[in-house]
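None of the figures in this text is laboratory data; all of them are computed from the coordinates on show. Please read all numbers here as calculations on a predicted model, not as lab measurements. Positions of Cβ are generated from backbone atoms using ideal geometry, with glycine treated the same way; all protein chains shown enter the neighbour counts.
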Amino acid sequence: MSTNTFKTFYILIIGGMLVSCSTFQQPKEIPTKEYVPDNPELYNEIIALDTEFFAAYNRCDLKTQEEFYSDSIEFFHDQGGLMTSKKGILDATEKNICGKVTRHLVPGSIEVYPIKDFGAIEFGEHTFKNNQESANTPSQIGKFVIFWEKTDLKWKITKVISLH
C-alpha cells in the first residue's frame, strides 16, 4: 500500500468515525397526538352518558344499568370472555362488583368518534379499585371501548370491550 493510499484510508476511517459520532442521536420519543374531538357536542354527550352509567355501576344501581344496555349487548372481557346476555351481565355485576369494586375514569383519557348511521364509539382508560384492599393499594389502568347506538333519541350500549 502506498503512503498516499494509506493516509487516504486513515483519513476516511477517522472522518467516518467523527461523522458517525457527531451525528449519532438518541432516538426521540414520538409524541402522541393530542386528541381533539371531531364533534365536541357528541363528545360531551358521551362523556355525560359515561358518567351517568358508571355512577350507577359504582352505586350498584342495576335498574339504571339495565336501561343503558341494549337487548343485543355483547360484552367482551379479556379475562372473562364474551357475554351476550343482558341478565347475565347484570347478575355478574351484582355478584362480583356490587360493594366490592369502584370504577375510576382516568382523567382526559376518553376519545369519542361518530359512527355514521349508528351512533358513536368511545375509547378510554379506567381503573377498578377493590374496596376490600387498603386505600394505598395501586390499581392497574385498563382500556375500554364502548359502542353507543342512538335510536329514537335514546342511547344504548351495544358492545363493550374491557381490557385489563
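Within 10 Å of each candidate Cβ there may be at most 12 other Cβ atoms; applying that plus a DSSP loop requirement, which GluC sites (Glu not before Pro) in region 28-130 survive? Could you put the intermediate results ahead of the total?
On the way: sites: E29, E34, E41, E45, E52, E66, E67, E74, E94, E111, E122, E125; in loops: E29, E34.
Loop-located and lightly packed - E29, E34.
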_Added length on full extension, which subtracts the Cα-Cα distance from 0.36 nm per residue, E41 to A92_ = 15.0 nm
_Proportion of all alpha-carbon pairs of region 39-164 beyond 20 Å (%)_ = 42 percent
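Expected output is a single nm value to one decimal: the length gained when fully extending between H104 and N131, i.e. 0.36 nm times separation in residues minus the C-alpha distance. What is it?
Numbers: separation 27, 0.36 × 27 = 9.72 nm, distance 1.22 nm.
Contour length minus Cα-Cα distance gives 8.5 nm.
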*Work out from phi, with θ = phi - 60° and the Karplus expression 6.51 cos²θ - 1.76 cosθ + 1.60, the ³J(HN,Hα) of each residue of region 158-164, listed in order in whole Hz, and give x for Gly and Pro.*
9, 9, 9, 10, 10, 10, 10
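Using a Förster radius of 25 Å, what is the FRET efficiency between T151 and C60 based on their Cβ-Cβ separation? Nearest 0.05, please.
Working: r = 27 Å, r/R0 = 1.06.
In this case the efficiency is close to 0.40.
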*Work through the residues other than N39 whose Cβ is under 15 Å from its Cβ and net out their charges, Lys, Arg +1 and Asp, Glu -1.*
-4
*What is the Cα coordinate range of region 66-132 on the first, second and third principal axes, sorted by size from largest, in whole angstrom?*
41, 30, 23
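What is the local net charge at F53, summed over the other residues whose Cβ is closer than 12 Å to its Cβ (Lys, Arg +1; Asp, Glu -1)? Before the final figure, lay out each step's value.
On the way: positive: R59, R103, K156; negative: D50, E52, D61, E66, E67, E122.
Its environment carries a net charge of -3.
Assigning unit charges at the beta carbon (Lys, Arg +1; Asp, Glu -1) and nothing else, what dipole magnitude in debye, to the nearest 20, does region 69-119 show about its Cα centre? It would help to have the intermediate numbers written out before the result.
Values: 6 positive and 7 negative charges, 41 e Å.
Dipole size: approximately 200 debye.
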